[in-house]
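Asks: A single structure is presented below for examination.
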Amino acid sequence: MNPAVKTAAKTPVGESKAVAGRAPATRKGRLSAVTEEQRSEIRELFDNRRKGYSLDAPFYTDPTLFTADMEGIFGQHWLFAASVAEIPEPGDYVTVDYGPYSLIVLRTEEGVNVLHNVCRHRGARVLTEAAGTTGNLVCGYHSWTYSPEGALVHASAPGEATFDKGCFGLKRAHSRVVAGLVFVCLAAEPPEDFDEVSRIFEPYLAPHELSSAKVAFQQELVEEGNWKLVMENNRECYHCDGHPELACSLFPTWGLTEGIIPPHLEDVWDRNVQADQALKDRCVRYGLPYEVLEELDTRIAGYRISREPLDGAGESFSASGRRLSKKLLGDLRDFRLGRCSMHLQPNSWFHFMSDHVITFSAFPINEHQTLVRTTWLVADDAVEGVDYDLETLTYTWKQTNLQDKNFVELCQRGAASPAYEPGPYMKSEYQVEAFINWYVQRMQEHLA
Ligand code: FES
Ligand SMILES: [Fe+2]
């Protein structure tokens, strides 16, 4: 038996030992929600991990490990929050929650401001809607009022003449806007290499001009699965036989490489290679980058970006591969640009086509639930019912998301069984393994 499984069965993390030890101080001097004894158990689980295999059950089921993930991954790394198209006018906001963290992503006259959604009086959530428009931000409990920059501008408190409002502004989080995508970081000192990674992926995405796109539709799905199972499922297409709608526009050889193409797919592989060359030629003509760049587990801001052909007409995610919106994004001049796809550790993925963009983000809720938010963006002058049909635009990925939700939930139920043991990743699942490697490295550094 894998020794890690033995360890997990012997001392499941997060049982009554939660009160056994004093919680260690984090870098910011706050008490961690994970005790020193639990950290030691978690470290042991990481140390005993069998490389090339899925994780032990507690990584998917244990509430204390979930808390550790929130501290070590979501509390430390750059995270995709929203696109600027979701907050087009000053005063527009969205709220995003990562486990216990809640953030307000607010458009201001100057740009984008990201504030912790925690009132400085007694901690109430300030904004309770998922999205909206606001002037000042007013807490619903005792009406403390904050400016869009987060300064406390009004606190009606009789007899508190000496109360210093300047000390009680909403806390800010770090943020960056890259090619119309808003990223946030909750760490006191964010990892520096995100800036370098931004400079790598921005040229791929910028021609699609998200800043002049609009939201066509947004879907929120709560999946009954740990956030890592959501991400693992996203990082492979070994299961893509379960996606008949998506399979129309993806080459059946997607995810395979030369040398592991089964004989019955050799013709498809040749067609894929030809489409890839034609796409590269078009990219050269239009000055678009197309190289596959991949540093999924070899740097802190792990990423993968590529431009790849789509099957059929090669334009978009439709049954025929034809465009789903008649309006090209940005200054693009050709519909046949396949998909520019990006994965970012830890929780987001994107598909940029010539006619629309889809952003995906996984927001952990607890150890067994994750919110997956999918947003379809089209050119801001595209008119629904004229330039695109909303049902047709969203059909492929709505279906695919539901199918993925089912796969994730099957795995979560499996991980909860005493019979579960980690299984081996296949060659076509190397990106899943890279995600897990990245996760393990980051957590081991955090727990060290
Ligand atoms: S908790 Fe917000 S005003 Fe009191
Ligand atoms: Fe899938």
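Asks: Show me the strands (runs of 3 or more DSSP E) entirely contained within segment 45-164 in which 3 or more residues are over 30 Å from Pro424 (Cα atoms) and under 23 Å from the mean Cα position of the chain (by Cα). Give the steps one after another, and end with the answer.
Replies: Details: elements: 79-83, 92-98, 101-107, 112-116, 131-133, 152-154.
So the answer is 79-83, 92-98, 101-107, 112-116.
Asks: Could you please let me know if Lys398 is out of contact with any Ser or Thr (no Cβ under 6 Å at 6 or more places or on another chain) and outside the structural domain of Gln218 (by TED's automatic domain parsing)?
Replies: no
Asks: Take the conditions buried (at least 23 other Cβ atoms within 10 Å of the Cβ) and either within 17 Å of Leu328 (Cβ to Cβ) or modelled with pLDDT under 95 (or both) and apply them to Val357. Does it pass?
Replies: Yes, satisfied.
Asks: Shifting gears a bit: Cys283 - would you say it is surrounded by 17 or more Cβ atoms within 10 Å (Cβ to Cβ), in the same structural domain as Ile261 (by TED's automatic domain parsing) and farther than 30 Å from Asp97 by Cα?
Replies: yes
Asks: So if I check each of Glu266, Glu245, Glu258, Glu294, which one is in a loop (DSSP other than H, G, I, E, B) and either of a type in the set (Asp, Glu) or not assigned by TED's automatic domain parsing to the domain that holds Gln369 (or both)?
Replies: Glu258
Asks: For segment 323-340, give me the residue count where each residue is more than 19 Å from Gln218 (Cα to Cα) and either assigned to a strand (DSSP E or B) or touching a Pro at 6+ places or on another chain (Cβ under 7 Å) (or both).
Replies: The number of residues fulfilling the criteria is 6.
Asks: Here is a list of conditions, (1) away from ligand 2 (no atom under 15 Å from the Cβ); (2) under 30 Å from Glu445 (Cβ atoms), and Val230 meets all of them except one; can you say which number that is?
Replies: So the condition that Val230 fails would be (1).
Asks: Give me a count of the residues in segment 165-190 that are outside any strand (DSSP E or B), more than 16 Å from ligand 1 (Cβ to nearest atom) and either buried (at least 20 other Cβ atoms within 10 Å of the Cβ) or assigned by TED's automatic domain parsing to the domain that holds Arg125 (or both).
Replies: 6
Asks: Let me ask another. On the basis of being surrounded by fewer than 19 Cβ atoms within 10 Å (Cβ to Cβ) and at pLDDT 95 or above, does Ser341 make the cut?
Replies: It is true that Ser341 is surrounded by fewer than 19 Cβ atoms within 10 Å (Cβ to Cβ) and at pLDDT 95 or above.
Asks: Working only within segment 62-110, note down all residues that are of a type in the set (S, T, N, Q) and either touching a helix residue (DSSP H, G or I) at 6+ places or on another chain (Cβ under 9 Å) or closer than 19 Å to Ala213 by Cβ (or both).
Replies: Listed by number, the residues that qualify are Thr64, Thr67, Gln76, Ser83.
Asks: For segment 387-402, does any single residue satisfy the condition of being open to solvent by less than 60 Å² (accessible area, probe 1.4 Å), among the acidic types (Asp, Glu), touching a residue at least 24 places away in the same chain (Cβ under 8 Å) and part of a helix (DSSP H, G or I)?
Replies: no
The values are calculated or read from the model by the stated rules, or taken from the named source; none is laboratory data. Predicted, not measured: the structure shown is a model, and the values here were computed from it. Because the Cβ atoms are built from the backbone with ideal geometry, glycine has one as well, and the counts that use them run over all protein chains shown. The protein model used for the area step is the full one, side chains on, heavy atoms only, and it has no ligands, DNA or RNA in it. Shrake-Rupley method; radii C 1.70, N 1.55, O 1.52, S 1.80 Å.
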